[in-house]
Amino acid sequence: IIWCATNEGLTMITSEYMEYIPLATSYKMNEMRAMACDRQDFIWYALENRLYRMSLRKPGRRSLEMTLPVAVTTLYVDIEGRLWIGTLGRGILYREENGSVTAVTDVPQLNNENGLSITGTDDRLWVSGLNGVEELSYPGQFTKKISLLQRHNKRTGVGSDYVYQLCADRRGRVWMATDGAGVCLYDGGVYRHWDSSSGMNSNVIYSITQDAEGDMWAATLGNGLFRYDGNRWYQVSRDQGLQDVNIATVAANGTGQVIVVNGKGVDVWYPKSLQFRNYNNRGSINIDSTSTVLNLSAVDNDGNVYIPFDKGFDVIKN
């Protein structure tokens, strides 16, 4: 345990809550664009158009795996271990565990798409961008062909063509963080939205995740954070210890904590106390900076959450 003296008193910091992985000089937080962990305990991260891989068993040992012609915008690892790579205006690619890389060319709608988020449900892949959401088939055992199953956009019921993030919940439903239509849930052909009568009072949602208890968390533009318990949305803000209502990333670890990245630091929500533990450059080690890139985090096989800071990755332990 480390005790730090601050202008507000003493702060206790312990490795029970947070660790960090330092990265060498070629790493720059302001070039970080996307992160993901695979089932082999590697963390993948993109610095602009350069894709790196680092073993979580031997932190610090990394390799440059790919250099793309454009910036990487999102990364996702599916249930079969494929790494999906979204790009800035050049569609998507995927990398098999054996190292082979394939560009998705069977879906013309994706050829020039700016990939914002990718997720998966069973045998489906979901890709969001500036033109809505594409619901795709996975490459199968006997064919690598990927087909478009359905488009989800403002016209079909999403309410917006701009979807910042997709989140597949444990029931296989897809939640969409939209610009202009709030939170949209797609469940078996039905789109669901919420308004102020259900507690949600924001139409712009940047980030969305599901915690270990099954509740949904949504980060809004200027209105802080909202938690959905299956019946109603509840605002979580400065009264509960949130440092800043302008949030870039919200993620959840495997034991119930919710990690919130904002301009003033990192806030970790503890459900038993209904309060945040705050990490920032005034009273906590290693949090000297946070990224403004939306939805920039990764979760490993043990449920630990990784977020970038100026000198490497902070690890919010399970």
| note | Of the residues in the range 103-132, those that are open to solvent by 40 Å² or more (accessible area, probe 1.4 Å) and either within 15 Å of Glu80 (Cβ to Cβ) or outside any strand (DSSP E or B) (or both) number 12
| note | Selection over the range 90-101 where residues are touching a strand residue (DSSP E or B) at 6+ places or on another chain (Cβ under 6 Å) and either open to solvent by less than 40 Å² (accessible area, probe 1.4 Å) or in a loop (DSSP other than H, G, I, E, B) (or both) yields a count of 4
| From the list Ser284, Ser289, which residue is at pLDDT below 90 and either surrounded by fewer than 19 Cβ atoms within 10 Å (Cβ to Cβ) or of a type in the set (Val, Ile, Thr) (or both)? | Ser289
| note | Scanning the range 50-70 residue by residue, those open to solvent by 20 Å² or more (accessible area, probe 1.4 Å) and in a loop (DSSP other than H, G, I, E, B) turn out to be Leu56, Arg57, Lys58, Pro59, Gly60, Arg61, Pro69, Val70
| If we keep just the residues of the range 200-212 that are farther than 15 Å from Cys167 by Cα and open to solvent by 20 Å² or more (accessible area, probe 1.4 Å), which is farthest from the chain's Cα centre (by Cα)? | Asn201
| Name the pairs: first residue in the range 29-46 and closer than 15 Å to Val70 by Cα, second residue acidic (Asp, Glu), Cβ to Cβ under 8 Å, at least 6 apart or on different chains? | Glu31/Glu48; Arg33/Glu48
| task | Could you please find all residues in the range 202-252 being assigned to a helix (DSSP H, G or I) and without any contact (Cβ under 8 Å) to a residue 12 or more places away in the chain? | result | Asp239
| For the range 102-124, which residues satisfy the criterion of being farther than 22 Å from Ala181 by Cβ and modelled with pLDDT of 95 or more? | Gly120
| task | Give the range 154-194 a look and list any residue that's touching a Gly at 6+ places or on another chain (Cβ under 8 Å), under 23 Å from Ala252 (Cβ atoms), in a strand (DSSP E or B) and open to solvent by 40 Å² or more (accessible area, probe 1.4 Å), or say none. | result | His193
| query | Does Trp84 qualify as being modelled with pLDDT of 95 or more, more than 19 Å from Ile307 (Cα to Cα) and touching a strand residue (DSSP E or B) at 6+ places or on another chain (Cβ under 9 Å)? | reply | yes
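The values are calculated or read from the model by the stated rules, or taken from the named source; none is laboratory data. Just so you know, these numbers come straight off a predicted model, no measurement behind them. Backbone-built Cβ (ideal geometry, glycine too); neighbour counts: all protein chains shown. Calculation scope for accessible area: heavy atoms of the full protein, side chains included, ligands and nucleic acids excluded. Shrake-Rupley method; radii C 1.70, N 1.55, O 1.52, S 1.80 Å.
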